[in-house]
1. Quick one: 3J(HN,Hα) in Hz for the range 500-506, Karplus 6.51/-1.76/1.60 with θ = phi - 60°, rounded, Gly and Pro as x.
2. Computing the accessible area with a 1.4 Å probe over protein heavy atoms, can you report the carbon and sulfur percentage for the range 475-526?
3. For the range 679-799, rounded, prolate or oblate, judged on the Cα gyration tensor with a ≥ b ≥ c (square roots of eigenvalues), a/c < 1.5 rounded, else prolate if a/b > b/c?
4. Estimate the FRET efficiency between ALA19 and THR180 by the formula 1/(1 + (r/R0)^6), using the beta-carbon distance for r and 22 Å for R0, to the nearest 0.05.
5. If you rank TYR99, TYR499, TYR504 by how much accessible surface each has, with a 1.4 Å probe, what is the order from largest down?
6. In terms of modelled amide H atoms, which long-range or inter-chain residues lie less than 5 Å from the amide H of TYR99?
7. For THR310, which sequence-distant residues (separation of 5 or more, or a different chain) have an amide H within less than 5 Å of its own amide H, given hydrogens modelled in the peptide plane?
8. Please state the shape class of the range 347-434: rounded when a/c is under 1.5, otherwise prolate if a/b exceeds b/c and oblate if not, all from the C-alpha gyration tensor.
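The values are calculated or read from the model by the stated rules, or taken from the named source; none is laboratory data. What you see is a predicted model; the values in this text were computed from it and never measured. We place every Cβ from the backbone using ideal geometry, glycine too, and count neighbours over all the protein chains shown. Heavy atoms of the whole protein, side chains included, go into the accessibility calculation; ligands, DNA and RNA do not. Shrake-Rupley method; radii C 1.70, N 1.55, O 1.52, S 1.80 Å.
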Amino acid sequence: MDSAPRGLSQAEAEKRLRANGANELPRHRNRWFALALRQVKDPFVLLLVAAAILSLGLGNSIEAGLILAFVVINIGIGFVQEARSQKALDMLQAYTRPYSHVLRDGEWRKVSSRELVAGDIIRLGSGDIVPADAEIRITHSLEVDESILTGESAPASKSVNDALFSGTHIVQGQATAEITDTGAKTSLGKTATLATESPRPSEFERGISNFATFILKMVGVTLVVVLLANLAIKGERADLGELIVFSIALAVSVIPEALPLVMSLSMSNGALKLARQNVVVRRLSAVEAAGSIDVLCTDKTGTLTENKMTVADIFGDRRTVIQHASLGSRDLIESDELPENPFDSALYHAQSSPERRAVRKSKLLAERPFDPERRLNSAIVELNGTRILIVRGAPEAVGTNESHKEWIEARGAEGCRILAIAAKTLANETVITNELEKNGLEIVGLIAYKDPVKADAAEAVRTAERLGVRVIMLTGDAPDVAAAVGHEVGLLKGHGHVYTGTEYEAMDQDEKNEAVKIGSVFARVKPEQKHDIIRRLQKTHDVGFLGEGINDAPALAAANVGFVVQHASDIARESADIILLDKSLSVIMNGIRLGRETFANTATYIKATLTSNFGNFYAIAISTLFIEQIPLLPAQILLVNLLTDAPMIAISTDAVDPEELRKPKKYDVREIVLLAIMLGLVSTVFDFIFFALFRNGPIEILRTNWFIGSVLTELVLILSIRTRLPFWKARTLSPLLFWLTLIAAVACVLIPISSISTTLGFVQPSGSHLRIILLVVACYFIMTETIKLFAVRAAKRET
């Protein structure tokens with residue numbers, strides 16, 4: 001890369017930076033314009049804009065203004081909330097921005113890692129994250145944690161000319177390396193391609209799109225039928241202009257124009273609740289989508305387990321075994337700091353203070369780092385004047401005997417990783433050879449290491465079961481370790497089978513489908529296999545995935561909802577929808593609960609508004625065939641919507657019955673519309689009762705009383721339809737919903753007696769008429785409650 005012994009000059013580095021770009025992965029940031037455009041492209045927003053334009057073109061500026069006000073409010077809320085989420089993510093990344101030590105103009109400097117270029121010489125030590133792909137030029141006992149790429153928790157040893165990969169982690173030793181690739185050209189950047197190519201539409205977004213299409217078709221067909229029927233019946237007496245204005249009023253009366261606003265408020269509330277639990281939501285719809293999850297796939301390392309090795313058991317004299325194992329570690333001999341290597345870190349914690357001081361008095365004379373091929377490491381140390389060779393590694397590599405077999409198998413069944421320690425006394429040897437390592441060794445003992453399961457993991461799995469969520473472990477770790485963790489957290493029952501990546505790869509398509517249908521634990525799986533498993537699950541399920549490494553990025557992108565922990569790789573964070581600052585799995589369960597609350601409240605709004613709107617829609621349309629004048633003016637219809645939409649919007653803050661949270665809900669347009677039509681017919685009947693009671697008087701009396709009755713019936717409908725239980729057994733109304741309902745009820749009576757009543761076409765209602773209206777409203781509430789309970793029982797019998 002044309003690097004000089006003094007490193008690149010600053011001028012050359014700046015030239016390469018301008019030519020090749022910053023050392024960062026391509027990010028699909030939601031820019032302000034894109035965020036606003038996404039709000040505008042919402043199907044309901046477009047439908048409302050079309051209605052407003054048509055109304056304005058016919059001179060109905062008040063109606064057009066009201067519709068556009070809803071549109072603007074919805075766009076503003078959605079934009080602000082998503083922008084806040086994006087800003088929170090940017091702040092998180094700013095706090096974790098890395099720096100590197102680089103040789104420039106013969107001097108070592110600390111610079112932002114995004115400013116590194118190919119040809120830079122960098123210096124790496126224990127705890128450093130490799131900032132770009134590089135080749136090692138100088139190294140000393142280098143071990144690298146590549147689990148972010150491979151899923152393997154054991155560090156890999158590296159030597160001169162070996163490759164270092166961006167995003168990996170230096171566990172032990174030091175290295176000077178020359179950068180070969182930066183940014184998107186690194187191995188990390190190439191893996192990002194698969195992740196960014198995987199779309200994940202939300203179940204809720206698909207349902208809303210289908211729902212908007214249904215409403216659009218229904219409104220269009222009905223308007224044509226109403227216009228033709230009036231022209232056919234009234235003939236020359238029909239006023240075409242008045243009928244067009246009336247048709248607009250009908251369109252506005254049936255369209256749930258506050259739905260986008262209710263959706264935004266529900267999901268914003270959910271996002272804010274999650275934020276208080278240290279969770280960053282990257283897209284608002286992910287809050288609701290989380291409620292639809294019925295399968296949660298999760299990585300093991302760092303998610304179900306702590307990713308912190310502990311000494312679980314020791315075969316042999318504890319003090320002797322711990323001391324000899326510690327003498328095989330440069331970090332434990334030369335430093336009092338906690339080692340980065342997870343095995344040596346466990347030894348550090350297992351040592352007593354006198355044992356730690358004894359190891360620090362020894363002198364390291366030579367070492368051979370761990371080699372995956374040899375599966376061991378060795379060191380020559382001098383302790384109290386005696387020269388000792390220490391060999392540590394896999395039992396079969398070190399050379400254990402039959403007396404150790406039973407213990408090794410028992411600990412392996414528990415998911416422990418076994419480290420064998422052997423030693424022999426030397427004369428004057430200072431070079432470690434293969435022959436020296438193999439001959440004359442005595443087994444000192446064995447250590448069983450365990451990566452502990454997180455304290456809340458088992459309870460989180462049980463909570464998932466109560467919520468109807470199936471949990472599947474997808475890990476790159478060994479089958480015995482995965483099996484032990486699976487049993488401990490409750491994923492595997494009895495002799496449950498652990499599928500391996502090799503086994504999965506050898507299956508045909510039908511066998512793979514069956515494996516993902518019944519399997520709970522998959523071990524030694526590759527990134528593309530995780531991706532394939534999730535795709536197969538999505539044929540019949542909504543899938544969430546919790547991961548953290550680069551190897552999880554494709555699966556995160558494919559999942560309906562992707563969760564990552566705070567310290568996840570950059571590309572994993574970019575692929576995710578929700579970032580967990582608290583690594584507890586219980587946070588995900590809370591997110592699923594919030595998603596289901598959001599879904600339930602949104603579905604309640606749709607049912608309530610369609611029921612009342614359909615009732616008014618049918619009644620007003622048919623009543624035009626019996627009287628010469630329009631039964632309700634367009635402004636009066638919009639005023640009904642305005643008064644009732646306020647408490648209906650507050651449904652997003654309402655409490656949800658526990659039964660609604662027990663299993664995931666699907667956004668079934670057919671189910672919602674059928675219930676709305678059933679209750680809508682009841683609403684239509686009672687609208688006709690209002691029409692029949694007051695049709696023979698002046699048209700202003702009919703309009704006034706029908707207006708009051710329409711508002712009150714919609715308000716009591718909310719009290720009934722907000723719960724599947726009898727209304728007196730439901731959870732208490734949220735304060736906002738209670739007060740807005742009360743205000744709307746009072747307002748619908750006060751407006752007709754106010755100074756603006758004449759402008760709106762109202763007259764003051766009489767006391768006797770108000771008593772009649774209240775009696776009809778009470779009968780309506782009883783009938784609606786009865787039909788709701790009947791429908792709920794019928795649905796339970798079907799399931």
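1. With coefficients 6.51, -1.76 and 1.60, one gets 9, x, 5, 5, 5, 5, 7 Hz.
2. Values: 1270 of 2500 Å².
Carbon and sulfur: 51 percent of the exposed surface of the range 475-526.
3. Working: a/c = 3.09, a/b = 1.69, b/c = 1.83.
Verdict is oblate for the range 679-799.
4. On the way: r = 16 Å, r/R0 = 0.72.
Here the calculated transfer efficiency is 0.90.
5. On the way: TYR99 140, TYR499 30, TYR504 0 Å².
Sorted by accessible area, descending: TYR99, TYR499, TYR504.
6. SER113
7. Sorted by chain and number, the residues that satisfy this are LYS450, ASP451.
8. Oblate, because a/c is 1.5 or more while a/b does not exceed b/c.
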